2 protein chains.
Amino acid sequence: MNAQIITLDTIRDAAARIAPHAHVTPLLNSRSIDAITGATLLFKAEHLQRVGAFKFRGACNAVWSLDDETARRGVVTHSSGNHGAALALAARTRGITAHVVVPEDAVKSKVAAIEAYGATLHYCAPTMAARDATAERLQRETGAELVHPYKDPRVIAGQGTAALELLTQSGGVDVLVTPVGGGGLTSGCAIAAHGLDPQIKVFAAEPEGAADTYESLRQGRHVTDMVPNTIADGLRANIGAINYDLMRQHLAGVLVVSEEEMIAAMRLVWQRMKQVIEPSSATVLAAVLRYREHFAGKRVGLVVSGGNVDLDRLPWVA
Amino acid sequence: MNAQIITLDTIRDAAARIAPHAHVTPLLNSRSIDAITGATLLFKAEHLQRVGAFKFRGACNAVWSLDDETARRGVVTHSSGNHGAALALAARTRGITAHVVVPEDAVKSKVAAIEAYGATLHYCAPTMAARDATAERLQRETGAELVHPYKDPRVIAGQGTAALELLTQSGGVDVLVTPVGGGGLTSGCAIAAHGLDPQIKVFAAEPEGAADTYESLRQGRHVTDMVPNTIADGLRANIGAINYDLMRQHLAGVLVVSEEEMIAAMRLVWQRMKQVIEPSSATVLAAVLRYREHFAGKRVGLVVSGGNVDLDRLPWVA
């Protein structure tokens with residue numbers, strides 16, 4: 001797939017396409033966290049997006065990009081997380097079927113959420129091979145369109161609308177930071193940011209325990225075999241090839257943060273901003289706190305990726 | 001003190017007085033909670049107010065109502081909770097001293113917060129008599145002005161600005177619900193609401209374990225001797241005489257909720273709205289869920305009182 005097909009115009013089209021369905025999430029700020037960091041932080045509140053995560057943008061753009069005949073056959077993906085829920089709800093907005101492949105050992109509450117949004121669930125063995133095979137079989141049998149969580153250009157363009165909104169609402173920033181997992185959010189947002197203002201420095205924030213983006217850029221080759229070990233369940237994927245290409249082209253750097261830094265940043269946002277954000281989302285503030293030299297005195301846009309967290313088990317009450 | 005001195009105009013004056021210092025907090029809504037309740041709920045997000053609670057409005061109005069000579073002698077109150085923090089910060093905005101009397105057994109983290117906002121702390125024995133005596137002594141010795149947390153008309157008028165904003169932002173509601181503790185918020189908001197639209201039904205939501213407002217209105221006399229037993233630490237006070245008079249005049253009813261209902265409502269807001277609200281704040285949604293007959297099909301304004309909660313001890317993880 002050619003990374004160059006995604007442009008600022010593609011992202012603007014995506015924004016128009018999802019406008020009837022997605023929320024324009026607010027930009028939040030905190031005087032006290034600004035004082036702590038010495039920067040002006042603008043938090044794009046995607047935890048307030050539908051399904052509680054930015055993932056709805058990409059899924060919604062993919063679903064509404066389909067022609068009627070394709071759409072009628074439904075969509076399929078494999079995900080036991082926010083993308084599964086997002087595709088289920090996006091399909092519902094169009095009145096079509098979403099097939100979601102989930103591993104047998106997936107967390108029950110997350111699978112229940114995906115089902116509650118109306119998806120048809122398909123269980124498979126808990127291996128990547130089984131997930132791929134099951135998704136492929138469903139494509140063959142039903143004619144459903146595959147919507148990959150982060151490699152699909154329609155998904156990448158959809159995620160880019162978060163930065164498009166952020167930059168419009170903020171009137172511009174010096175630096176933009178997004179969490180990086182598979183790379184859909186980061187690459188889409190980087191294209192939007194540089195399309196509007198090539199001077200913006202775009203950083204990705206990544207947990208040390210899932211630092212395949214950091215390693216890929218450091219080694220100059222697409223690292224695909226890292227085994228993640230982090231509580232940030234939204235950031236465990238290895239980046240896709242298209243995402244790697246886009247990130248090589250756009251990123252000023254990848255900022256790795258420890259689990260402790262991520263948890264402390266998450267707690268700080270809950271305490272000072274009164275916002276429930278998930279560990280993945282906290283990577284961006286953790287990066288600002290750790291790498292002050294990139295942010296001091298700057299206007300910084302931060303994409304808060306989601307707020308779906310297990311309220312019965314908080315990471316600081318371990 | 002005469003309750004009639006507080007009018008819509010007094011509250012409008014308070015709004016103008018605090019405007020340079022207080023946040024205009026947003027109105028939040030939730031599709032999924034609307035679906036659960038069958039009503040249109042508009043949450044006035046005072047957990048996003050400065051110091052994390054509506055209390056800043058009243059304290060700020062009191063501090064900025066003082067003439068220069070009085071202000072120079074400072075202000076004094078007794079409170080180990082949100083009012084103490086609010087008065088400390090309000091005093092700081094005017095560059096004057098806030099004396100805050102706290103009982104020796106107060107929660108350390110709360111006292112630390114009050115101190116961090118710049119208050120001068122005065123410890124006393126953990127009895128109401130000792131608190132009153134210490135505050136009176138400080139008034140005598142320093143000439144500081146007493147700012148009572150809920151009986152002071154300047155405080156009541158300040159709290160009323162929350163409803164004034166809510167009604168302006170919402171374009172009107174059928175019903176308004178506020179939590180009730182000492183009664184400053186409820187009485188101020190009721191005056192604002194009925195000043196703008198006498199048709200609005202104003203309810204107070206109160207924990208069963210601190211139902212002195214409910215009992216006062218039921219028995220037709222000011223009940224002042226209830227010993228509170230509730231996790232809603234912001235609602236443990238018995239209402240003041242001025243507050244009782246105002247509530248008799250304005251309230252459509254007091255809706256009591258159990259601890260379990262309050263905790264469930266708090267969890268629902270965290271989960272669906274991604275907002276960190278304290279137990280006191282959850283009484284209003286708990287009331288809407290329990291007394292559906294008052295709310296179904298209506299536009300309902302809910303004042304979320306605050307978001308200062310101990311993140312290390314969540315009430316549903318007992």
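Since every read-out is calculated from the coordinates, none of them should be taken as a lab result. Computed from a predicted model, the values in this text were never measured in an experiment. As a convention, Cβ positions derive from the backbone with ideal geometry for all residues, glycine included, and neighbour counts pool all protein chains shown.
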Revision key, fill the gap. Going residue by residue through region B:267-278, the Karplus relation 6.51 cos²θ - 1.76 cosθ + 1.60 with θ = phi - 60° gives ³J(HN,Hα) values, rounded to whole Hz and with x marking Gly or Pro, of 5, 4, 5, 4, 6, 8, 9, 6, 10, 7, 10, 8
Study note, to complete from the structure: Sorting from shortest, the nanometre distances separating the label point of B:His23 (7 Å past Cα along the line to Cβ) from those of the same residue in the other copies are 1.6
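To the nearest 20 debye, what charge dipole does the protein assembly as shown have about its Cα centre, counting +1 at the Cβ of each Lys and Arg and -1 at the Cβ of each Asp and Glu? Please report the intermediate quantities before stating the final value.
Details: 62 positive and 64 negative charges, 156 e Å.
For this selection, approximately 740 debye.
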Check your understanding: Where does chain B land at 222 nm, in deg cm²/dmol rounded to the nearest 500, when only DSSP H runs of n ≥ 4 count, each adding -39500 (n - 2.57), divided by all residues?
Key -> -13500 deg cm²/dmol
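Quick one: grab the alpha carbon gyration tensor of region A:142-277, order the square roots of its eigenvalues as a ≥ b ≥ c, and give me rounded if a/c is under 1.5, else prolate or oblate depending on whether a/b is larger than b/c.
Values: a/c = 1.31, a/b = 1.05, b/c = 1.25.
Cα axes put region A:142-277 in the rounded bin.
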Check your understanding: Of A:Lys201/B:Lys274; B:Lys44/B:Lys201; A:Lys110/A:Lys151; A:Lys55/A:Lys151, which pairs sit farther than 19 Å apart, going by alpha carbon to alpha carbon?
Key -> A:Lys201/B:Lys274; A:Lys110/A:Lys151
Review point. Cα axis of helix B:241-250 to longest principal axis of chain B: angle in degrees, 0 to 90, nearest 10?
Key: 20
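What does the highest-first list of B:78-87, B:104-113, B:282-291, A:296-305 look like by mean Cβ count within 10 Å?
B:78-87, B:282-291, A:296-305, B:104-113
Is region B:1-99 best put as rounded, prolate or oblate by its Cα gyration tensor, with a ≥ b ≥ c the root eigenvalues, rounded for a/c under 1.5, and otherwise prolate when a/b is larger than b/c, oblate when not? Can you show the working numbers first?
Details: a/c = 2.53, a/b = 1.89, b/c = 1.34.
Judged from the Cα gyration tensor, region B:1-99 comes out prolate (a/c at least 1.5, a/b above b/c).
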Review point. What is the order of A:Ile231, B:Ile6, B:Ile18, fewest Cβ neighbours within 10 Å to most?
Key: A:Ile231, B:Ile6, B:Ile18
Review point. Relative to the other copies, what are the label-point distances for B:Lys298, with labels 7 Å from Cα along the C-beta vector, expressed in nm at one decimal and sorted shortest first?
Key: 5.1
Study note, to complete from the structure: Scattering profile of region A:216-317 from the Debye formula, Cα beads only, expressed as log10 I(q)/I(0) at q = 0.11 Å⁻¹, is -0.38
Practice item. Could you work out how far helix A:128-142 tilts from the main Cα principal axis of chain A, as a 0 to 90 degree angle to the nearest 10? Key: 50
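At a threshold of 8 angstrom on Cα-Cα distance, excluding pairs fewer than six apart, so keeping six or more, what relative contact order does region B:157-230 reach in percent?
Values: 87 pairs, mean separation 21.6, N = 74.
Relative contact order of region B:157-230: 29 percent.
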Review point. With no solvent and one point on each alpha carbon, what is the Debye value of log10 I(q)/I(0) for region A:56-146 at q = 0.11 Å⁻¹?
Key: -0.26
Review point. For B:268-280, what's the mean count of beta carbons from other chains sitting within 10 Å of each residue's beta carbon?
Key: 4
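Report the Stokes-Einstein translational diffusion coefficient (µm² s⁻¹, integer) for region A:90-140, Rh taken as the Kirkwood radius over Cα pairs, at 37 °C with viscosity 0.692 mPa s.
Details: Rh = 11.5 Å.
Answer, rounded: 286 µm²/s.
Suppose every Lys and Arg Cβ carries +1 and every Asp and Glu Cβ carries -1, with no other charges. What dipole size does region A:210-307 come out with about its Cα centre, to the nearest 20 debye? Intermediate values should be presented prior to the final figure.
Details: 11 positive and 10 negative charges, 98 e Å.
The dipole of region A:210-307 has a size of about 480 debye.
If you scale each eigenvalue of the Cα gyration tensor by 5 and take the root, what three semi-axes come out for the protein assembly as shown, rounded to whole angstrom and sorted largest first? Each step should come with its number before you reach the end.
Numbers: eigenvalues 457, 144, 89 Å².
One finds semi-axes of 48, 27, 21 Å for the protein assembly as shown.
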Point to revise | Per-residue HN-Hα couplings for region A:92-102 [Karplus 6.51, -1.76, 1.60; θ = phi - 60°; Hz; x = Gly/Pro] | key: 5, 4, 9, x, 10, 7, 10, 8, 10, 8, 10
Practice item. Output, in nm with one decimal and in ascending order, the distances from the B:Tyr123 label point to the matching label points of the other copies (7 Å from Cα along Cα-to-Cβ). Key: 5.9
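Relative contact order of chain B: what whole-number percent is it, with Cα pairs under 8 angstrom and at least 6 residues apart?
On the way: 689 pairs, mean separation 69.7, N = 318.
Rounded, it is 22 percent for chain B.
Please state the shape class of region A:152-228: rounded when a/c is under 1.5, otherwise prolate if a/b exceeds b/c and oblate if not, all from the C-alpha gyration tensor. Please report the intermediate quantities before stating the final value.
On the way: a/c = 2.29, a/b = 1.81, b/c = 1.26.
Taking the square roots of the gyration eigenvalues as a ≥ b ≥ c, region A:152-228 is prolate.
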Check your understanding: Viscosity 0.692 mPa s, temperature 37 °C: Stokes-Einstein D of chain A from its Kirkwood Cα radius, in µm² per second?
Key -> 171
Revision key, fill the gap. Rounded to the nearest 10, the angle in degrees between the Cα long axis of helix A:55-65 and the longest principal axis of the Cα atoms of chain A comes to 40
